[in-house]
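Asks: First the structure, then my questions, so here it is.
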Amino acid sequence: MTPPLSRPPAAHVERVLCVLAHPDDVDFGSAGTVAGWTAAGTEVTYCIVTDGDAGGFDETPRDRMGPLRQAEQRAAAAAVGVTDVHFLGYPDGRLELTLDLRRDISRVIRQVRPQRVLTTSPERFWERIGASHPDHLTVGEATLRAVYPDARNPFAFPELLDDEGLEAWTVGEVWLTASPRADHAVDVTDLIELKFAALKSHVTQVSHNPDLETFVTGWMRQTAQRFGLPDGRLAEAFHVVHTV
């Protein structure tokens with residue numbers, strides 16, 4: 001059983017920003033949690049860094065894959081109550097940790113002004129290597145750098161303030177998905193159908209897998225057991241980092 005957090009996350013926040021590398025990343029790891037947030041009145045915004053053009057399992061032309069995946073992500077977002085979706089348009093599979101990426105994520109943080117940011121862990125998960133796609137690691141690290149120090153520092157990327165009028169903003173906590181040191185579980189048993197609706201919106205990514213629900217349910221049941229939840233419960237897990 002994973003030890004409880006020494007400092008629990010905020011019980012409720014007004015705004016959350018989810019920064020993920022690819023369309024569908026937020027839904028595999030966090031759609032149930034997001035559905036719970038929106039149901040409680042939290043405004044959730046998605047920022048998807050790449051266009052997803054390296055995904056899919058058929059002969060769809062690459063120039064069509066990006067627009068298809070954007071449409072799928074918007075549909076998936078709507079399934080869990082999210083209507084504000086930003087796409088940064090970086091190439092799928094070729095992300096690098098650059099100042100441009102940090103600036104672009106900082107821009108969205110300053111626009112949305114969230115109290116909580118959800119992103120992927122920048123730490124490689126050796127026991128679940130599939131969770132540690134290079135784009136995931138890069139987005140996690142870039143987002144943490146954007147949270148601290150870039151978005152809160154008025155002198156970082158001064159063009160965001162001088163040219164766009166975006167004032168500095170301090171994020172209070174970051175929730176990391178796919179983390180080898182997860183310390184907080186969210187029971188999403190009662191929201192599982194919304195999660196599946198979101199996942200099934202990603203037709204180009206999951207339609208080839210008839211066992212999707214069985215696989216995801218088993219994975220979430222194991223997570224719940226690891227955190228000591230009652231038998232039959234389903235959970236999503238995070239490493240919560242307090243940044244103030």
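Asks: Determine if segment 151-158 includes at least one residue that is modelled with pLDDT of 95 or more, surrounded by fewer than 24 Cβ atoms within 10 Å (Cβ to Cβ) and part of a helix (DSSP H, G or I).
Replies: yes
Asks: Another question, then. Helices (runs of 4 or more DSSP H) wholly in segment 169-231 with at least 1 residues that are more than 28 Å from ILE105 (Cβ to Cβ) and in contact with a Ser or Thr (Cβ under 8 Å, 6 or more places away or on another chain) - which ones?
Replies: 192-200, 212-226
Asks: Right, another one. Restricting to segment 228-244, what's the tally of residues that are over 18 Å from the mean Cα position of the chain (by Cα) and either of a type in the set (D, E, K, R) or surrounded by 20 or more Cβ atoms within 10 Å (Cβ to Cβ) (or both)? Outline the logic, then answer.
Replies: Narrowing segment 228-244 to residues over 18 Å from the mean Cα position of the chain (by Cα): 228-234, 244.
After this cut, where a residue has to be either of a type in the set (D, E, K, R) or surrounded by 20 or more Cβ atoms within 10 Å (Cβ to Cβ) (or both) as well, the list is 231, 233-234.
Total meeting the criteria: 3.
Asks: Of all residues in segment 122-150, which are of a type in the set (Val, Ile, Thr) and either loosely packed, with under 15 Cβ neighbours inside 10 Å or not in a helix (DSSP H, G or I) (or both)?
Replies: The one that is of a type in the set (Val, Ile, Thr) and either loosely packed, with under 15 Cβ neighbours inside 10 Å or not in a helix (DSSP H, G or I) (or both): ILE129.
The values are calculated or read from the model by the stated rules, or taken from the named source; none is laboratory data. Just so we're clear, the structure is a prediction, and the values are computed from it rather than from any experiment. Positions of Cβ are generated from backbone atoms using ideal geometry, with glycine treated the same way; all protein chains shown enter the neighbour counts.
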